[in-house]
Amino acid sequence: MPLNQPIITTIRTRRQEAADVTTISFRYPGEMKPGQFFMVWIPGVDEIPMSVSAIAPTIKAITFRTIGDATQALSELQPGDQLGIRGPYGNGFTITGKRLLFVGGGTGIAMLAPAVEQARKKNRKVTVLLGVTTKNQLFFEKRLQRTGATVLVSTDDGSYGFKGFASDLAKELLKKETFDAVYTCGPEPMMHALLKFSYNIPFQASLERYMKCAIGICGQCCVGKGVRVCVDGPIFDGKALKKIQDFGVYRRDAAGRKTFF
C-alpha cells in the first residue's frame, strides 16, 4: 500500500540528460511497477506528480523537463538536498506478448524506460521509438540501446533520425512489422493518433492530468465520465481510451477549465 504522507529522503545524484531535462535519484526502498508515479514534495514550493524513470529495489529516480516554478525549483536541488516522496500510486504497465513496440514522446520517454528494461529481462523482442522536437532534447537513447532493444529516433525538425513525429514513424513501422502490443507515453495528440492506427493491437497509454491528492478523493484528475487518472490509471488500455471523450481533445487546468490540445 502506498504511503499517503511524504517520506523525507535525500537526493543521491543529479544528472543533466538534455538541454532542459534532469534526472535525480534518491533512496526509497520498496517494489513498484513501471508506469506508476510518485507525488514529489519540494519543500517550500509545491507537491507535484512525477513518473518514475528508474525503479531499483532501494533506489528510485525521476526525470523531468523544467516547465514551471515547481520543476525549476526541483531542477536546482543538488545531491544532499532533501525532498518528500509519497507513493507509489497508480496501476502501472502490464507486459504481454512477445514482440512489443514502445513509443515515447518528449519526457514520456522517461517513464517508458523501466518498462522497456523489464520487457527485455523477460526476453521479449522490443522496438522503441523516441520522439523529440530537436536533437538536443534527446535522452536515454544509449540506456535503451544497452538493453538490446531496437531504438529508432524521430525529430520534428529532422536534426537527427527520422524527420517528423514519433506517431508518423510508428505508422510506417506498423505497416511493415507485426507487434503483439503497443505501449506509449508522451504528448496526448501523439498517443491519440497512435491509437487510431494501432487497429486491434493491444494498446496501453499513460495519461497525464492535473493532480492534487493522488488517492482518488479530490477529483481533479478525472477524465471521461468520472474516471480518476490517479487510481484508475494512469495506464489505460485502448478499449478504455476509446470511451474517454476528452482523450486527445482537451485537459483541465487547476481551475477546472478546459485546455484544448
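The values are calculated or read from the model by the stated rules, or taken from the named source; none is laboratory data. Small disclaimer: the values here were computed from a predicted structure and weren't measured. For neighbour counting, all protein chains shown are included, and Cβ atoms are generated from backbone atoms with ideal geometry for every residue, glycine included. Calculation scope for accessible area: heavy atoms of the full protein, side chains included, ligands and nucleic acids excluded. Shrake-Rupley method; radii C 1.70, N 1.55, O 1.52, S 1.80 Å.
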Subject >> Options Gly256, Met211, Gly233, ranked by Cα towards positive dipole end of region 185-261, top entry (Cβ charges) >> reply: Gly256
Original post:
At what distance in nm do the modelled label points of Lys125 and Gln245 sit from each other, each positioned 7 Å from its Cα along Cα→Cβ?
Top reply: 4.2
Original post:
What fraction of the DSSP beta bridges in the chain is antiparallel, stated in percent and rounded to the nearest 5?
Top reply: 60
Subject >> Viscosity 1.002 mPa s, temperature 20 °C, Stokes-Einstein D of region 7-89 from Kirkwood C-alpha radius, µm²/s >> reply: 171
**OP:** Name the cysteines of the chain that stand alone by the Cβ rule: no other cysteine Cβ under 4.7 angstrom.
**Re:** Cys185, Cys221, Cys222, Cys230
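For region 60-112, report the translational diffusion coefficient in µm²/s to the nearest whole number, using Stokes-Einstein at 25 °C, 0.890 mPa s, and a Kirkwood Rh over Cα pairs.
Diffusion coefficient, whole number: 174 µm²/s.
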Original post:
For Thr63, which sequence-distant residues (separation of 5 or more, or a different chain) have an amide H within less than 5 Å of its own amide H, given hydrogens modelled in the peptide plane?
Top reply: Ser53
Subject >> Sulfur and carbon atoms: percent of accessible area, the chain [1.4 Å] >> reply: 51
Subject >> Ala255 paired with Arg15, simple spin-label distance in nm, labels 7 Å along Cα-to-beta-carbon >> reply: 4.1
**OP:** Give the distance, in whole Å, between the Cα centre of region 1-75 and the Cα centre of region 201-260.
**Re:** 21
**OP:** Taking the Cα centre of region 7-89 as origin, work out the dipole magnitude from +1 charges on Lys and Arg Cβ and -1 charges on Asp and Glu Cβ, in debye rounded to 20.
**Re:** 340
Original post:
Among Leu129, Leu173, Leu195, whose mean-square fluctuation peaks in a Gaussian network model of the chain (Cα, cutoff 10 Å)?
Top reply: Leu173
Subject >> Volume in Å³ per residue [convex hull over Cα atoms, computed for region 83-208] >> reply: 117
